[in-house]
Structure formats: C-alpha cells, structure tokens
Amino acid sequence: MEKQLSSHTRTRLINRNGKKVREHRWLMEQQLGRELLPREHVHHINGNPLDNALDNLVVLDCKVHMNFHNGRYSEVKICEVCGDDYIAKPHKRKRQKCCSPECANRLRAYNMAKTRYGW
C-alpha cells in the first residue's frame, strides 16, 4: 500500500484500486464496515492530521465538524504587531497572526532578530 501526503489537506493518501483516497477515511470505513457518506467527515481528535490511530478518529456530520472548527479558531483575531482587529482567512485561522503582509513582515523580522541575538 503506497502512501503519500496531500499538499492541500496535510493528510496521508493511499492507493486503493488505482484511486487515491484519504487514509483516515479508508480506515474509518474499514472500522465501520461500510463506505462513508459524502456528508460524513472524519475528525482527528488530537488535531494531528497524520495521526490515524482509530482511537484518534471520530465520524462527524459535515456541519457539526465545520462548527467545531469555526468555534475553535475564531474568525476575528487581534494582530500581534499593531493590535488591530481583523478577519482571518478561512483556511488560515489557526496560524494567521497578522492583519496584513506588512505586519507579517515586521513579525518575521522581529522573530529572526530574536533568534539571532537571543532576546
């Protein structure tokens, strides 16, 4: 069984009958003994999309799954550089820390200097 990583979802892909499928969905289908419906999502409990242990996976309805992630990572955030409120990009809510590219560059420069000079 050949495995590779999806560049879009940061999950493992496997080849099943000549088709690439997400490993966590395939594992859950094997556990349940049936195919998952398109509206069923497999959630990684610990947040690590590479940890496909069965005790780390749970099947959720897509709306419940999206509401869980929307509540976990707020859309409105405070910029770590200038302190302004901003709406985070939907796919970057977890890691986005700045309101603009300018603030991101300032934060990056600060972090590099901190590492270099041991602040």
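The values are calculated or read from the model by the stated rules, or taken from the named source; none is laboratory data. All values reported here derive from a predicted model rather than from experimental measurement. No Cβ is skipped: glycine too gets one built from the backbone with ideal geometry, and neighbour counts run over all protein chains shown.
Consider region 81-110. How many of its residues are polar (S, T, N, Q) and within 29 Å of residue 66 (Cβ to Cβ)? If you could, list the steps in order and put the result at the bottom.
So in region 81-110, the residues polar (S, T, N, Q) come out as 96, 100, 105.
Applying the additional criterion that residues be within 29 Å of residue 66 (Cβ to Cβ) yields 96, 100.
Going through region 81-110 one residue at a time, the tally reaches 2.
Starting from residues that are among the basic types (Lys, Arg) and at pLDDT below 95, keep the ones in region 31-65 and report whichever is nearest to residue 5 (Cα to Cα). Explain how you work it out, then say what you get.
As a first pass, look at region 31-65 and keep what is among the basic types (Lys, Arg): 34, 39, 63.
From what's left, at pLDDT below 95: 39, 63.
Details: 39: 23, 63: 25 Å.
For region 31-65, the residue satisfying everything is 39.
Could you give every pair whose Cβ atoms fall below 8 Å, whose first residue belongs to region 12-26 and is closer than 16 Å to residue 36 by Cα and outside the structural domain of residue 53 (by TED's automatic domain parsing), and whose second residue is at pLDDT 90 or above and not aliphatic (A, V, I, L, M), counting only separations of at least 6 or pairs across chains?
Final answer for the pair search is none.
Search region 79-119 for residues being under 23 Å from residue 10 (Cβ atoms) and either in the same structural domain as residue 10 (by TED's automatic domain parsing) or part of a loop (DSSP other than H, G, I, E, B) (or both), and hand back the single one that is modelled with the lowest pLDDT.
Out of the qualifying residues, it is 93.
Show the residue pairs that are 6+ apart or on different chains and have beta-carbon atoms under 8 Å apart, the first residue being within region 27-48 and in contact (Cβ under 8 Å) with a residue 24 or more places away in the chain, the second being of a type in the set (Val, Ile, Thr) and not in a loop (DSSP other than H, G, I, E, B).
Hits for this filter: 28/42; 28/59; 32/59; 41/59; 43/58; 43/59.
Restricting to region 1-22, and then to whatever is loosely packed, with under 11 Cβ neighbours inside 10 Å and at pLDDT 85 or above, can you tell me which residue is nearest to residue 51 (Cα to Cα)?
Here the answer is 19.
Is there a residue being assigned to a loop (DSSP other than H, G, I, E, B), modelled with pLDDT of 90 or more and hydroxyl-bearing (Ser, Thr, Tyr) anywhere in region 66-76?
Narrowing region 66-76 to residues assigned to a loop (DSSP other than H, G, I, E, B): 73-75.
In the following step, the residues that additionally are modelled with pLDDT of 90 or more were identified as none.
Within region 66-76, not a single residue is assigned to a loop (DSSP other than H, G, I, E, B), modelled with pLDDT of 90 or more and hydroxyl-bearing (Ser, Thr, Tyr).
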